[in-house]
Amino acid sequence: MKKELKDTIVVELGQKLKEYPHFYLVNIAGLNAEQTSDLRRKCFKSEIKMVVVKNTLLHKAFEVSDIDFEPLYDSLKGSTAVMFTQTANVPAKLLKEYTKEGVPSLKAAYAEEGFFVGADKLDELVAIKSKNELIADVVALLQSPIKNVVSGLNAGGKIHGLLDAIAERNK
């Protein structure tokens with residue numbers, strides 16, 4: 001491979017590292033063409049950008065990045081695919097489907113500004129809540145007291161009777 005092409009690939013990887021806040025390093029050794037095509041299709045449906053890279057070029061892209069990716073350097077061995085995503089837990093959920101087969105398997109990940117090294121971290125990555133999931137949780141917590149007040153107001157006569165009883169007792 002010519003040096004100019006290598007430099008171009010390093011620059012493109014650097015741009016993807018800036019564009020996507022989360023990425024996973026995945027071992028894809030052992031996948032045949034049909035399985036690889038199936039994985040790519042699932043990634044596309046889940047809005048994951050999957051790129052197979054040379055470890056040395058990815059290492060160079062890490063070195064020129066603004067973020068210190070040194071904890072991931074030891075994971076750059078063997079066949080490596082990088083899954084870039086906007087939502088931290090989506091690739092983990094996809095990889096969880098393949099845990100029985102063992103391939104593809106997680107090598108490491110950079111998600112929510114944290115490093116997750118090793119296949120044993122997959123469950124932690126699946127448990128990370130996306131922004132939309134967190135917003136839904138907050139909205140549900142905020143709605144709970146309001147629902148209680150509304151249901152109390154809808155009871156109508158019960159509240160009026162309770163207020164009358166309290167007023168009589170205070171006289």
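The values are calculated or read from the model by the stated rules, or taken from the named source; none is laboratory data. This structure is a prediction, so every number in the text was calculated from the model and none was measured. Neighbour counts are summed over all protein chains in view; Cβ atoms, including those assigned to glycine, are modelled from backbone coordinates with ideal geometry. Heavy atoms of the whole protein, side chains included, go into the accessibility calculation; ligands, DNA and RNA do not. Shrake-Rupley method; radii C 1.70, N 1.55, O 1.52, S 1.80 Å.
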Subject >> Scan of segment 22-42 for residues that are under 20 Å from the mean Cα position of the chain (by Cα), surrounded by fewer than 20 Cβ atoms within 10 Å (Cβ to Cβ) and of a type in the set (A, V, I, L, M, F, W, C), ordered by number >> reply: Ile28
Subject >> Single residue of segment 43-52 satisfying the filter (under 14 Å from Tyr98 (Cβ atoms) and assigned to a loop (DSSP other than H, G, I, E, B)) that is least open to solvent (accessible area, probe 1.4 Å) >> reply: Ile48
**OP:** Kindly indicate whether Lys16 is open to solvent by 30 Å² or more (accessible area, probe 1.4 Å), in contact (Cβ under 8 Å) with a residue 60 or more places away in the chain and of a type outside the set (Val, Ile, Thr).
**Re:** yes
Subject >> Filter result for Ser46 (small (Gly, Ala, Ser) and either at positive phi or without any contact (Cβ under 8 Å) to a residue 60 or more places away in the chain (or both)) >> reply: yes
